[in-house]
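The values are calculated or read from the model by the stated rules, or taken from the named source; none is laboratory data. This one's a predicted model, so the numbers in the text were calculated from it and none came from an experiment. Positions of Cβ are backbone-derived with ideal geometry, glycine not excepted, and every protein chain shown enters the neighbour counts. All accessible areas refer to the heavy atoms of the entire protein, side chains included, with ligands and DNA or RNA removed. Shrake-Rupley method; radii C 1.70, N 1.55, O 1.52, S 1.80 Å.
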Amino acid sequence: MKITMIGTGYVGLVTGTCFAEVGNDVLCLDVDARKIAILDEGGVPIHEPGLEAMVKRNVAAGRLRFTTDVDASVAHGALQFIAVGTPPDEDGSADMQYVIEAARNIGKRMQGVKVVVDKSTVPVGTAERVQATIAAELAARGVTIPFAVASNPEFLKEGAAVEDFMKPDRVVVGASDEHAIATLRALYAPFMRNHERFLVMDVRSAELTKYAANAMLATRISFMNELANLADRLSADIEMVRQGIGSDPRIGYHFLYPGVGYGGSCFPKDVKALQYTADQFGHPLTLLAAVERVNDAQKHVLVDKLIERLGSDLSGRTIALWGLAFKPNTDDMREAPSRVIIEALAARGARVVAYDPIAMDEARRIFGSAPYLSLAKSPLAACDGADALVVVTEWKEFRSPDFDELKRRLAAPLVFDGRNLYAPAEVRAAGFEYFGIGRH
Ligand SMILES: NC(=O)c1ccc[n+]([C@@H]2O[C@H](COP(=O)([O-])OP(=O)(O)OC[C@H]3O[C@@H](n4cnc5c(N)ncnc54)[C@H](O)[C@@H]3O)[C@@H](O)[C@H]2O)c1
């Protein structure tokens, strides 16, 4: 099939590349000329395991191309996927300007039949807006060309995006147009050879499904964080509690890890956007408001523990920080807890020396030459002479450090483990003071 991917970010690039991988002819469009130049020169602008090799393979095979040329992109695909950003607006609603711009571009230029697919995470009612936008452009041109709009929300996880896309738990399609449904069913058939996971529903339900999924996952995280903070006060061990409840199949183990709060480009903005929609329809979501409040507070829990131990004036202190990305296996630092933690430490006068396996370039871009942050070449180098170690992201390489060496490097043997990576007894036996989340 001829496919155009509008927006070549985390979702567009992964989706476009995976569609090419199974034999489709894919053209990826972006308005960001820098991104397209990197791709045209054989690079990949984001870090995602397995992606670079797959991009190279499909570019070499002539099935995957990149462009900034809107005319070419509209002409190319009978399927036009919209995978542009939907960042939060100031009032928490999803900013729809990029989606509407993409729809306008299609309506202004299309010559033949198109199936337009919203892959971006968009509020309920967006497919109708996209439909109306394209129809208005066609009317302005005085032409009648058939087209359909479908919703196909994306559930991939950054850090495992290629694997998730190639082996989806489910593919949700919201559409009423039979041609659109049949086209998307055929497109996704190679991804579900094992068993059928193609769910067709009405457009509004599909749009709501994506928000419901992220809201549920965010709720589980905030639930565990709130209980972990209680466990701290009760001298109970949240890790034992996690195992005790996760073993119940009605609950399950996924997304029950307490930590320093959720971040990234999706949960925070999607939780906000769903609340905004709910408010608009006179049905405020009290549960989700609490989920967000708990999460905002959780980003400060580790710093609060550190202040309790070292005092609120941290001037002259150096804090080693492991992990900048909002989660492992990605370079994404959007809404990352590390950013709140670094700023909070700096506000109290501390200097932070950070290390991350992948996200250091992103940190340089975000923090520039901020005097309170420096980046170390290795996890141990970050600890040289530091007054404490703060662990923020659960990268594999942080899981089993050489505690003897760590103790030699740190000026004081203090570990603040924001991801409960270590067994408290073991770390204490190695001569450290250990502070976890909901552990004693
Ligand atoms: N990142 C994720 O893990 C993830 C997962 C599921 C769903 N989503 C959703 O997918 C959407 C995209 O997210 P992302 O993380 O890929 O964002 P991103 O910021 O990485 O990429 C979006 C891209 O769209 C481009 N763009 C904007 N307007 C354009 C236009 N008119 N024409 C062509 N390109 C345009 C931008 O330059 C950018 O490169 C969002 O709605 C997001 O909520 C993201």
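Just the residues that are surrounded by 21 or more Cβ atoms within 10 Å (Cβ to Cβ), part of a strand (DSSP E or B) and out of contact with any Lys or Arg (no Cβ under 8 Å at 6 or more places or on another chain), please, taken from the range 1-43.
Residues satisfying the conditions are 3, 4, 5, 6, 29.
Look at the range 158-187 and say how many of its residues are part of a helix (DSSP H, G or I) and closer than 18 Å to residue 207 by Cβ.
Matching residues across the range 158-187 total 3.
Hey, does the range 75-97 have a residue that's of a type outside the set (A, V, I, L, M), over 25 Å from the mean Cα position of the chain (by Cα) and closer than 26 Å to residue 136 by Cα?
Checked the range 75-97: at least one residue is of a type outside the set (A, V, I, L, M), over 25 Å from the mean Cα position of the chain (by Cα) and closer than 26 Å to residue 136 by Cα.
Does residue 316 satisfy the criteria of being more than 22 Å from residue 396 (Cα to Cα) and more than 16 Å from the ligand (Cβ to nearest atom)?
yes
Could you grab me the full set of residues in the range 289-312 that are crowded, with 16+ Cβ neighbours inside 10 Å and in a helix (DSSP H, G or I)? Before the answer, list the steps.
Step one: of the range 289-312, the residues crowded, with 16+ Cβ neighbours inside 10 Å are 291-292, 294-295, 298-303, 305-307, 310.
If the condition is that a residue be crowded, with 16+ Cβ neighbours inside 10 Å and in a helix (DSSP H, G or I), then 291, 292, 294, 295, 298, 301, 302, 303, 305, 306, 307, 310 are the ones that fit.
Can you tell which of 374, 369, 315, 378 is within 26 Å of the chain's Cα centre (by Cα), without any contact (Cβ under 8 Å) to a residue 60 or more places away in the chain and open to solvent by 50 Å² or more (accessible area, probe 1.4 Å)?
Only one candidate passes the filter, namely 369.
For residues that are open to solvent by less than 50 Å² (accessible area, probe 1.4 Å) and in contact with a Gly (Cβ under 8 Å, 6 or more places away or on another chain), scanning just the range 120-145, find the one that is farthest from the ligand (Cβ to nearest atom).
145
All but one of (1) surrounded by fewer than 19 Cβ atoms within 10 Å (Cβ to Cβ); (2) touching a residue at least 12 places away in the same chain (Cβ under 8 Å); (3) in a helix (DSSP H, G or I) hold for residue 275; which doesn't?
Of the numbered conditions (1) surrounded by fewer than 19 Cβ atoms within 10 Å (Cβ to Cβ); (2) touching a residue at least 12 places away in the same chain (Cβ under 8 Å); (3) in a helix (DSSP H, G or I), the odd one out for residue 275 is (1).
Is it fair to say residue 16 is more than 9 Å from the ligand (Cβ to nearest atom), of a type in the set (Gly, Ala, Ser) and closer than 20 Å to residue 180 by Cβ? Steps first, please.
Numbers: more than 9 Å from the ligand (Cβ to nearest atom): yes; of a type in the set (Gly, Ala, Ser): yes; closer than 20 Å to residue 180 by Cβ: yes.
Yes.
Identify, from the list 366, 358, the residue that is more than 18 Å from residue 302 (Cα to Cα) and in contact with a Ser or Thr (Cβ under 9 Å, 6 or more places away or on another chain).
Matching residue, one of 366, 358: 358.
I'd like the full set of residues that are in contact with a strand residue (DSSP E or B) (Cβ under 7 Å, 6 or more places away or on another chain) and β-branched (Val, Ile, Thr), limited to the range 1-52.
Within the range 1-52, 3, 4, 6, 8, 15, 17, 26, 36 meet the criteria.
Mind checking whether some residue in the range 249-261 is touching a residue at least 60 places away in the same chain (Cβ under 8 Å), closer than 30 Å to residue 424 by Cα, surrounded by fewer than 20 Cβ atoms within 10 Å (Cβ to Cβ) and of a type outside the set (D, E, K, R)?
Filtering the range 249-261 for residues touching a residue at least 60 places away in the same chain (Cβ under 8 Å) gives 257-261.
In the following step, the residues that additionally are closer than 30 Å to residue 424 by Cα were identified as 257-261.
When the remaining residues are screened for being surrounded by fewer than 20 Cβ atoms within 10 Å (Cβ to Cβ), the result is 257.
Now drop any that are not of a type outside the set (D, E, K, R), which leaves 257.
Yes, that holds for at least one residue.
Quick one: residue 90 ticks every box in (1) under 24 Å from residue 157 (Cα atoms); (2) at pLDDT below 95; (3) more than 11 Å from the ligand (Cβ to nearest atom) bar one, so which box is it?
Exception for residue 90: condition (1).
Considering only the range 421-432, I want to know if a residue exists there that is of a type in the set (A, V, I, L, M) and open to solvent by less than 10 Å² (accessible area, probe 1.4 Å).
Yes, the range 421-432 contains a residue that is of a type in the set (A, V, I, L, M) and open to solvent by less than 10 Å² (accessible area, probe 1.4 Å).
Tell me, yes or no, whether the range 146-161 has at least one residue that is open to solvent by 60 Å² or more (accessible area, probe 1.4 Å) and either within 22 Å of residue 31 (Cα to Cα) or touching a His at 6+ places or on another chain (Cβ under 9 Å) (or both).
Within the range 146-161, one or more residues are open to solvent by 60 Å² or more (accessible area, probe 1.4 Å) and either within 22 Å of residue 31 (Cα to Cα) or touching a His at 6+ places or on another chain (Cβ under 9 Å) (or both).
Taking residue 58 and the conditions (1) within 13 Å of the ligand (Cβ to nearest atom); (2) without any contact (Cβ under 8 Å) to a residue 60 or more places away in the chain; (3) open to solvent by less than 30 Å² (accessible area, probe 1.4 Å), which numbered condition does it fall short on, given that it satisfies the others?
(1)
Out of the strands (runs of 3 or more DSSP E) lying entirely within the range 326-440, which hold 1 or more residues that are among the acidic types (Asp, Glu)?
So the answer is 414-417, 433-435.
Name the pairs whose Cβ atoms lie under 6 Å apart, with the first residue in the range 385-402 and among the acidic types (Asp, Glu), the second open to solvent by 10 Å² or more (accessible area, probe 1.4 Å), and 6 or more positions between them or separate chains?
Close Cβ pairs (under 6 Å, with a partner that is open to solvent by 10 Å² or more (accessible area, probe 1.4 Å)) amount to 387/317; 387/318; 387/411; 387/412; 394/328; 394/419; 394/421.
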